[in-house]
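Only one structure is covered here, and it is reproduced in the block below.
The values are calculated or read from the model by the stated rules, or taken from the named source; none is laboratory data. Just so you know, these numbers come straight off a predicted model, no measurement behind them. No Cβ is skipped: glycine too gets one built from the backbone with ideal geometry, and neighbour counts run over all protein chains shown. Areas reflect the complete protein model, heavy atoms only, side chains present, ligands, DNA and RNA absent. Shrake-Rupley method; radii C 1.70, N 1.55, O 1.52, S 1.80 Å.
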Amino acid sequence: PYVLTSAQLKAIEDIENDLVAGKPMNRLLQGDVGSGKTVVAKFAIETIIGNGSQAAILAPTSILVEQHFKTISELLINSGSISKGEIAILIGQTPQKEKDRILRGLKSGKMKCVIGTHALLEDPVEFHDLQLAVIDEQHRFGVNQRKALRSKGDNLHLLVMTATPIPRSLALTVYGDLDVTTIDEMPPRRKPVKTLLFDQAKRKKAYDLIEEQVRKGFQAFIVYPMIDSGDEDDMYKSAVKEYQRIQKDVFPDFKIGLMHGRLKQPEKDRIMENFRSHEYNVLISTTVIEVGVDIPGATIVLIESANHFGLAQLHQIRGRVGRNEEDSLCILIPANDDAIENERLIAMTKINDGF
């Protein structure tokens, strides 16, 4: 439904050349947050299932799996490469009856594509003819997990994708026989996210900026490092406590959602769906939204106790906004004013490029 960037076209060409080269593909696709790696993977999947084989996508969280499923199944169904019953989602929480149906489909070859979490690596999952494995956010998976997935097919093609070019990916590049493709341009009309570093005294200003965006019809994330704080952790604000305070004292007129890792899967899915369809104006969350969550309506993210996060995390969380053509904003507030001098936070205000 949109024009691909030349970097995306080059990546698709690299992959298609690999697939016809007569030996298994081993490619690392790295592209910054929001650069459009999923669409590139879609073309690889299409090539494989077009030749009667199967493809699997492995992602680290069920939120990300749900999202890939939504994006990829829409693209594949719209282009006529697959029908609705030939693509499925497999996570730990998939009901047993549904799981059995998917496992039968994979074994018989009726099911062409499966998108899942670690649940894909388990023993009962057998494929008829798995030819392509796509691993998203590959740094979240260990060597043995990648090996387990590869053992599900015979000499299969491997595409690993990452938005955080971390030292381990670099080591893989040097020692791990991976060819590298880099998507180094962003979709047209995307504006870089502006990043501001505030001290504690400016929190009210941060809330005003959030209010301004919500009044314009956009949405906001507020991210905390912890779910609950025990007494010893009171220097870091926690999502559950702050959710109650913000709903009551800061934005009593807004609808506010709360998301964290301890919620059960159906609940997480429901909250994300509600946020995506604008039922919440603000989502208060921990880092469960760190990777790949795509909410085009969100234009502002406030990261509390920002000095508590690593650079890759900060960059990933910032990538949750700026996924439309609007001006977007990321505000960092460290846990205490001494941390304003934090090198990572200062770097975040100056650099937008994940690489």
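Given the C-alpha centroids of the stretch 117-152 and the stretch 190-230, what is the distance between them in whole angstrom?
Between the Cα centres of the stretch 117-152 and the stretch 190-230 lies a distance of 37 Å.
Using the heavy atoms of the protein chains alone and a 1.4 angstrom probe, what is the accessible area of the chain per residue in square angstrom? Please list the in-between numbers first.
Numbers: 16040 Å² over 355 residues.
Result: 45 Å² of accessible area for each residue.
Among Ile115, Ile77, Ile333, which one shows the highest mean-square fluctuation when the chain is modelled as a Gaussian network with alpha-carbon springs under 10 Å?
Greatest mean-square fluctuation among the candidates belongs to Ile77.
Please build a GNM for the chain, connecting alpha carbons under 10 Å apart, and tell me which residue among Asp123, Asp184, Asp100 fluctuates the most.
Asp123
Per DSSP H run of n ≥ 4, the term is -39500 (n - 2.57); total these for the chain, divide by its residue number, and report the mean residue ellipticity at 222 nm rounded to 500 deg cm²/dmol.
Working: 11 runs with 123 residues, N = 355.
Calculated from helices alone, the mean residue ellipticity at 222 nm is -10500 deg cm²/dmol.
Which option, [x] 74, 49, 48; [y] 61, 43, 40; [z] 60, 57, 50, is the value of Cα extents along the principal axes in Å that was calculated from these coordinates?
[y]
What residue among Val40, Val20, Val288 shows peak mean-square fluctuation when the chain is described by a Gaussian network model with Cα springs under 10 Å?
In this elastic network of the chain, the residue with the biggest mean-square fluctuation among Val40, Val20, Val288 is Val20.
Assuming 0.36 nm per residue, please report the length gained on full extension of the stretch Lys264 to Lys84 beyond their Cα-Cα distance. List each step's numbers first, then the result.
Working: separation 180, 0.36 × 180 = 64.80 nm, distance 2.63 nm.
My answer for the length gained is 62.2 nm.
Net charge within 13 Å of Pro192 by Cβ-Cβ distance, Lys/Arg positive one each and Asp/Glu negative one each, not counting Pro192 itself?
Working: positive: Arg189, Arg190, Lys191, Lys194, Arg318, Arg323, Lys350; negative: Asp32, Glu185, Glu325, Glu326, Asp327, Asp353.
Net charge in that neighbourhood comes out at +1.
For the chain, what relative contact order do you get, as a whole percent, if you take Cα pairs closer than 8 Å and at least 6 residues apart?
Working: 664 pairs, mean separation 69.4, N = 355.
Computed over the chain, the figure is 20 percent.
Using a 7 Å offset from the Cα along the Cα-to-Cβ direction at both Asn155 and Lys248, what is the distance between the two label points in nm, to one decimal?
6.6 nm
Take the cross-link list Lys84/Lys147; Lys99/Lys264; Lys10/Lys70; Lys23/Lys147; Lys10/Lys110 and give me the ones stretching past 27 Å between alpha-carbons. Each step should come with its number before you reach the end.
Working: Lys84/Lys147 29 Å; Lys99/Lys264 18 Å; Lys10/Lys70 25 Å; Lys23/Lys147 18 Å; Lys10/Lys110 32 Å.
As for pairs spanning more than 27 Å Cα to Cα, those are Lys84/Lys147; Lys10/Lys110.
Between Arg203 and His278, what FRET efficiency follows from the Cβ-Cβ distance if R0 is 22 Å, with the result rounded to 0.05?
Details: r = 25 Å, r/R0 = 1.15.
Here the calculated transfer efficiency is 0.30.
Given a 1.4 angstrom probe, I'd like the percentage of the accessible area of the chain that is carbon and sulfur, rounded to a whole number. Don't jump to the answer; show the numbers that get you there.
Details: 8080 of 16040 Å².
Roughly 50 percent, rounded to a whole number.
Which whole-percent values make up P(r) of the stretch 65-119 when all C-alpha to C-alpha distances are grouped in 5 Å steps starting at zero?
4, 21, 29, 26, 15, 4, 0
Only Cα pairs under 8 Å and at least 6 apart count here; give the relative contact order of the stretch 225-355 as a rounded whole percent.
Details: 189 pairs, mean separation 27.9, N = 131.
Across the stretch 225-355, relative contact order equals 21 percent.
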